[in-house]
Ligand SMILES: C[S@@+](CC[C@H](N)C(=O)[O-])C[C@H]1O[C@@H](n2cnc3c(N)ncnc32)[C@H](O)[C@@H]1O
């Protein structure tokens, strides 16, 4: 674990927010959250100090300015400083508020009181350094898709082993575990989650405990599709995968190994301009595209096997 972190602060027009999230994710920044400041947004994000030199931050800042100018927006104001580990945890938490998603979900930061009189399913979340607060459009699109896919499942089986039928989910790139845990809350019988980042595995385990999800209900491991394939006893009913387009494209050929004729899939983290390449790859490998949902410049592709 790093002892000191870069704290990046970007003041931008709202239309630039998504492309900033995308750049930060591509460069390994964590805990990204944004807050409205008048007509603008303030995006904050964190990176262990040893992972970047000041020159790298200059380069990132330059790219963000170029993005803004190419979109006809004013250049963002980018600042950074080094902060201690203790300050890091409390710093970004100030910017993250409860959020309603779809028709049935409410994501509540674990350190805030529960809302009174909410009839929504409440997910308590402390993503730590992992991606997945529910604040990003790509996560929201997956959550809304899961709500649709699992709408016929009896719920909620959190903390209880579901006896017989009920769907089994694979979550590739689980981050904070948000999609797997919500799947269980929406009535899935079991979820298998993997992530190449060991901090994501840790965060998923912690969020399972926060929400009373048992290790039998959510199996999490460090790695990617090959690890998941070995963990599974049989093909899954649903696959969720919120990673970037080029990673999804590389995973698709091997997804058949964990799918059966009725399996559905939710693929997100895809910029709209990259959606055709992902759709072409999915179709080439036997998936039928049911819907493409778009939010800002991101899209989420819902597919089925037959
Ligand atoms: C955009 S985050 C999604 C987190 C969470 N599932 C959500 O929807 O908010 C993508 C995650 O995928 C992980 N990841 C990136 N490449 C991967 C790969 N090839 N296999 C598995 N996980 C990967 C990253 O470490 C990161 O935690």
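Since every read-out is calculated from the coordinates, none of them should be taken as a lab result. Since this is a predicted model, take the numbers as computed values, not measurements. Ideal geometry is used to build each Cβ from the backbone, glycine not excepted, and the neighbour counts take in all protein chains shown.
General observations
- In the chain, the longest principal axis of the Cα atoms and the axis of helix 17-26 are about 80 degrees apart.
- Segment 4-93: projected area of the alpha-carbon convex hull, averaged over directions, in nm²: 5.3
- Each DSSP beta bridge with both residues in the chain is either parallel or antiparallel, and the antiparallel ones are about 60%.
- Shape of segment 37-82, Cα gyration tensor, a/c cut at 1.5: oblate
- The C-alpha atoms of the chain define a longest principal axis, and helix 54-70 lies at about 80 degrees to it.
- Here the contact order of the chain, divided by its residue count and restricted to Cα pairs under 8 Å and six or more residues apart, works out to 13 percent.
- Helix-only CD estimate at 222 nm, as mean residue ellipticity for the chain, using -39500 (n - 2.57) per DSSP H run (n ≥ 4): -10000 deg cm²/dmol
- Compactness of the chain as Cα Rg over 2.2 N^0.38 Å, two decimals: 0.98
- Each of the peptides 96-102, 263-269 was scored by the mean count of other Cβ atoms within 10 Å over its residues; in descending order, highest first, they stand as 263-269, 96-102.
- For the chain, the longest principal axis of the C-alpha atoms and the axis of helix 198-211 are separated by about 70°.
- By average C-beta atoms within 10 angstrom, highest first, the peptides 173-185, 64-76, 243-255: 173-185, 243-255, 64-76
- Against the empirical curve 2.2 N^0.38 Å, the C-alpha radius of gyration of segment 228-276 lands at a ratio of 1.20.
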